[in-house]
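Undergrad: Got a structure for you, written out below as structure tokens; questions coming shortly.
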Amino acid sequence: MGSVDSLTPLRGSTSARTLTDSYTVGPFPATGHRRAPRPEPVRVTALVPSPEVLERLAACAEAADVSGEPDRDAVQVLRESGLLALVVPKSHGGAGADAVALNTCVEQVASVNASAAIMLFQHCAVTSRIVENGTPAQHRDLLPKLAAGRWLAASAWSESGAGADKKNLATQARRTPDGEWILDGAKSFTTSAGLADVYLVLAQSRDDSPGPDGAAQDTGYGAAGQTFFLVPGGHPGLLPDTSMRLSGMRGSATGFVSVRECRVPDSARLGAPGVAASIIARVRNSGASLGAVAVGVAQAALDAAHAHAGRRGLYAHQAVRHRLVDLATQVESARAVVERAGRRTAADPGMATLHSKLAASEAAERVVADVARFLGSAGYVETHPINRFGRDARAVALMGPTNDLCKELVSLPWNR
Ligand SMILES: Cc1cc2nc3c(=O)[nH]c(=O)nc-3n(C[C@H](O)[C@H](O)[C@H](O)COP(=O)(O)OP(=O)(O)OC[C@H]3O[C@@H](n4cnc5c(N)ncnc54)[C@H](O)[C@@H]3O)c2cc1C
């Protein structure tokens with residue numbers, strides 16, 4: 001097993017399909033171009049993916065985009081990379097990375113393989129929720145597996161009829177007389193579906209749960225009476241389906257996950273019953289930003305533009321050089337807002353995280369479209385990676401909270 005601190009590859013880690021660990025939080029029923037030199041990223045905790053990891057992830061990206069199949073190779077690289085340990089505290093075998101380091105890693109992974117970056121991001125997001133809201137037993141049982149890359153985590157919140165704000169969940173969690181829970185429902189757009197070893201499932205358990213002041217407050221995302229559950233991938237009541245065909249992020253195994261008569265012990269519950277919306281509301285305060293994915297994709301597009309300019313001798317034209325400067329300025333600005341979100345130094349760090357997703361995803365879509373035009377006919381060839389970057393960049397705005405919902409969350413307090 002490799003060192004988490006150096007994020008050197010972990011050799012001989014066990015694949016998801018051959019895991020024999022039991023989920024011990026409770027008894028489950030038997031059922032080309034030379035890149036412009038870039039300064040070293042800010043190393044707040046000295047955690048960056050190794051060049052070998054980036055090369056291996058880059059090598060998978062195109063084939064997964066063409067096939068649209070879940071990218072098992074990329075997941076294996078992530079498992080071996082040490083990156084899955086990023087946000088696990090050192091006390092539980094992790095790297096204890098802060099949001100700046102996490103965003104930097106996610107950006108770097110996205111610059112070579114955006115699908116792998118969203119799988120990494122979702123894993124770290126679920127892991128952070130466990131760190132923040134888990135019981136000591138959940139920490140003891142889950143965090144070492146997540147840190148070692150033996151368990152990949154996924155989040156199953158969205159449903160086709162739930163709405164971007166997840167207020168109308170059809171997935172129900174009912175408590176049995178003996179204190180267990182039975183989950184029933186169908187989730188959609190779950191990244192790492194069928195590849196993950198544990199899913200954070202959002203379900204409606206009751207609709208009358210009072211807030212701390214006796215009345216549930218609308219946080220804009222999620223609703224009263226919703227509860228989180230950690231369901232292992234091997235649970236017989238959890239059925240992944242990766243038949244969904246996305247236009248971008250095609251290696252990310254983003255698909256459906258159903259829970260059917262899925263009985264879990266009370267120890268699988270993450271957080272108190274009915275308080276998922278307040279857990280969701282605190283997520284943005286972590287500073288982890290999907291904007292980092294957008295920055296990585298934008299950087300990849302900018303690199304492609306430089307590669308083209310170098311090959312075609314275009315640097316001789318002042319107009320071309322200035323066009324590249326305009327693109328670089330947009331990438332740098334997006335990177336700066338994501339870094340600010342990660343630093344959590346804004347007066348309201350949660351708002352800064354929402355702004356960073358909006359700014360970076362919009363910048364990435366603009367940069368990729370501009371680079372596609374800059375590439376001329378070469379960029380219009382189906383197999384040019386710029387087309388993948390365009391489809392991948394678009395996904396960031398659609399991922400939760402969608403950009404529309406981010407605007408709603410930023411502006412909600414003005415209307416209270
Ligand atoms: C590549 C990819 C990966 C994803 N991975 C995951 C994952 O791992 N886990 C997961 O749970 N989900 C995931 N999602 C789903 C994502 O989180 C979205 O929340 C979900 O798709 C929202 O659905 P919708 O846009 O279809 O919602 P709809 O409610 O149908 O929204 C339709 C449109 O209206 C806008 N809108 C809706 N409600 C509001 C509102 N209250 N205020 C302002 N605008 C609004 C939306 O922004 C959208 O543009 C993923 C999506 C994509 C594309």
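Undergrad: Which one of these does ALA170 not meet: (1) within 15 Å of the ligand (Cβ to nearest atom); (2) assigned to a strand (DSSP E or B)?
TA: Unmet for ALA170, out of (1) within 15 Å of the ligand (Cβ to nearest atom); (2) assigned to a strand (DSSP E or B): (2).
Undergrad: Further, regarding this structure: Looking only at residues that are modelled with pLDDT under 95 and in a helix (DSSP H, G or I) in region 406-416, which one is nearest to the ligand (Cβ to nearest atom)?
TA: Filtering region 406-416 for residues that are modelled with pLDDT under 95 and in a helix (DSSP H, G or I), the one nearest to the ligand (Cβ to nearest atom) comes out as LEU412.
Undergrad: Answer yes or no as to whether GLY96 is at positive phi and either in the same structural domain as TYR199 (by TED's automatic domain parsing) or away from the ligand (no atom under 14 Å from the Cβ) (or both).
TA: Against the criterion (at positive phi and either in the same structural domain as TYR199 (by TED's automatic domain parsing) or away from the ligand (no atom under 14 Å from the Cβ) (or both)), GLY96 qualifies.
Undergrad: Could you give every pair whose Cβ atoms fall below 7 Å, whose first residue belongs to region 138-167 and is more than 22 Å from GLN204 (Cβ to Cβ), and whose second residue is among the polar types (S, T, N, Q) and more than 8 Å from the ligand (Cβ to nearest atom), counting only separations of at least 6 or pairs across chains?
TA: Close Cβ pairs satisfying both conditions: ASP141/THR24; LEU146/THR127; ALA148/SER13; GLY149/SER13; ARG150/SER13; ARG150/THR14.
Undergrad: Here is a check on your reading of the model: is ALA196 small (Gly, Ala, Ser), closer than 23 Å to GLN76 by Cα and surrounded by 24 or more Cβ atoms within 10 Å (Cβ to Cβ)?
TA: Answer is yes for this residue.
Undergrad: Any idea which of ALA164, ALA101 is aliphatic (A, V, I, L, M), surrounded by fewer than 24 Cβ atoms within 10 Å (Cβ to Cβ) and either touching an Asp or Glu at 6+ places or on another chain (Cβ under 6 Å) or not assigned by TED's automatic domain parsing to the domain that holds ALA203 (or both)?
TA: Exactly one residue qualifies, and that residue is ALA101.
Undergrad: Something else now. Within region 379-405, can you find the residues that are within 11 Å of the ligand (Cβ to nearest atom), farther than 13 Å from VAL295 by Cα and not small (Gly, Ala, Ser)?
TA: Within region 379-405, ARG391, LEU398, MET399, PRO401, THR402, ASN403, ASP404, LEU405 qualify.
Undergrad: Here are some conditions: (1) buried (at least 18 other Cβ atoms within 10 Å of the Cβ); (2) at pLDDT below 95. ALA372 meets all but one. Which one does it not meet?
TA: Answer for ALA372: the failing condition is (2).
Undergrad: Tell me, which residue of region 144-167 that is more than 8 Å from the ligand (Cβ to nearest atom) and among the hydrophobic types (A, V, I, L, M, F, W, C) is nearest to ALA272 (Cα to Cα)?
TA: ALA153
Undergrad: Kindly provide the set of residues from region 255-291 that are part of a loop (DSSP other than H, G, I, E, B), away from the ligand (no atom under 16 Å from the Cβ) and surrounded by 24 or more Cβ atoms within 10 Å (Cβ to Cβ), ordered by number.
TA: Hit for region 255-291 is GLY287, nothing else.
Undergrad: Please verify whether ASP370 is within 14 Å of the ligand (Cβ to nearest atom), within 30 Å of ALA164 (Cα to Cα) and acidic (Asp, Glu), treating the condition exactly as stated.
TA: So ASP370 fails the test.
Undergrad: Are there any pairs with C-beta distances below 7 angstrom linking a residue in region 183-196 that is more than 21 Å from VAL396 (Cα to Cα) and in a strand (DSSP E or B) to a residue that is modelled with pLDDT of 95 or more and near the ligand (Cβ under 9 Å from one of its atoms), with the two at least 6 apart or on different chains, and if so which?
TA: Note: pairs meeting the criteria are GLY185/GLU159; ALA186/GLU159.
Table: residues versus (1) farther than 17 Å from ALA99 by Cβ; (2) surrounded by fewer than 20 Cβ atoms within 10 Å (Cβ to Cβ).
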site	(1), (2)
HIS322	yes, yes
VAL337	no, no
GLY350	no, yes
ARG391	yes, yes
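Undergrad: Kindly indicate whether SER252 is modelled with pLDDT of 95 or more, in contact with a Leu (Cβ under 8 Å, 6 or more places away or on another chain), in a loop (DSSP other than H, G, I, E, B) and not aliphatic (A, V, I, L, M).
TA: On the way: modelled with pLDDT of 95 or more: yes; in contact with a Leu (Cβ under 8 Å, 6 or more places away or on another chain): yes; in a loop (DSSP other than H, G, I, E, B): yes; not aliphatic (A, V, I, L, M): yes.
When the stated conditions are applied, SER252 passes them.
Undergrad: Among the residues that make up region 347-360, is at least one of them within 30 Å of GLY310 (Cα to Cα) and among the basic types (Lys, Arg)? Steps first, answer last, please.
TA: Kept after step one, since they are within 30 Å of GLY310 (Cα to Cα), are these residues of region 347-360: 359-360.
Those left that are additionally among the basic types (Lys, Arg): none.
Checked region 347-360: no residue is within 30 Å of GLY310 (Cα to Cα) and among the basic types (Lys, Arg).
Undergrad: Sticking with this structure for a sec: For region 173-200, give me the residue count where each residue is in contact with a helix residue (DSSP H, G or I) (Cβ under 8 Å, 6 or more places away or on another chain), at positive phi and within 12 Å of the ligand (Cβ to nearest atom).
TA: The qualifying residues number 1.
The values are calculated or read from the model by the stated rules, or taken from the named source; none is laboratory data. Please read these numbers as outputs of a predicted model, since none were measured by experiment. With ideal geometry, Cβ positions are generated from the backbone for all residues, glycine too; neighbour counts draw on all protein chains shown.
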